[in-house]
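Okay, so here's the structure we're looking at.
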Amino acid sequence: QVQLVESGGGLVQPGGSLRLSCAASGTIFSIYRMGWYRQAPGKQRELVATMTFGGSTNYADSVKGRFTISRDNAKNTVDLQMNSLKPEDTAVYYCNIYLSQLNYWGQGTQVTVSS
């Protein structure tokens, strides 16, 4: 069984920064892809950023240059550094791992960008 535990969400003013962290535990060997998705009210869940085991990254166009994903393969953790946050970044952020042809999701952490 795989569990994902997220932390780091909260309320921040526009232009501010937050760092999200996710730790995976359970029966895990090498995780092919780890990443973050988000879902705003009334919208579909969308990709924010992912990173493969080998270090290849994929970012949504809306966050390029502002968000940075990083992972520690030894610890099975993935972080998302979010800078220059905008009100449109407000959403529930979900950690995701793709392992053995299955997707696993965290419980979500709220990020609110507001003055």
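The values are calculated or read from the model by the stated rules, or taken from the named source; none is laboratory data. Treat the numbers as computed from the prediction; the structure is a model and nothing was measured. When we count neighbours, we look across all protein chains shown, and the Cβ atoms used for this are built from the backbone with ideal geometry, even at glycine. To get the accessible areas, we keep the full protein, side chains included, count just its heavy atoms, and leave off ligands, DNA and RNA. Shrake-Rupley method; radii C 1.70, N 1.55, O 1.52, S 1.80 Å.
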- Task: First measure r as the distance between the Cβ atoms of K75 and L47, then evaluate 1/(1 + (r/R0)^6) with R0 = 25 Å and state the FRET efficiency to the nearest 0.05.
- Result: 0.60
- Counting only protein heavy atoms and rolling a 1.4 Å probe, one gets per residue an accessible area for the chain in Å² of 53
- Item | Protein-only accessible surface order, largest first, of R66, R45 at 1.4 Å | R45, R66
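Which order do peptides 24-33, 95-104, 77-86 fall in by mean Cβ count within 10 Å, highest first?
Working: 24-33: 13.3, 95-104: 16.0, 77-86: 19.4.
Packing proxy ranking, top to bottom: 77-86, 95-104, 24-33.
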- Message: If each residue of separation counts as 0.36 nm, what is the full-extension length gain between S30 and T57 once their alpha-carbon separation is subtracted?
- Response: 8.1 nm
- Roughly to the nearest percent, how much of the accessible area of the chain is carbon and sulfur, given a 1.4 Å probe? 47
- Tell me which lysines have Cα within less than 24 Å of K43's Cα, excluding those fewer than 8 residues away on the same chain? K64, K86
- Where the Cα atoms of the chain are projected onto their three principal axes, how long is each span, largest first, in whole Å? 42, 24, 23
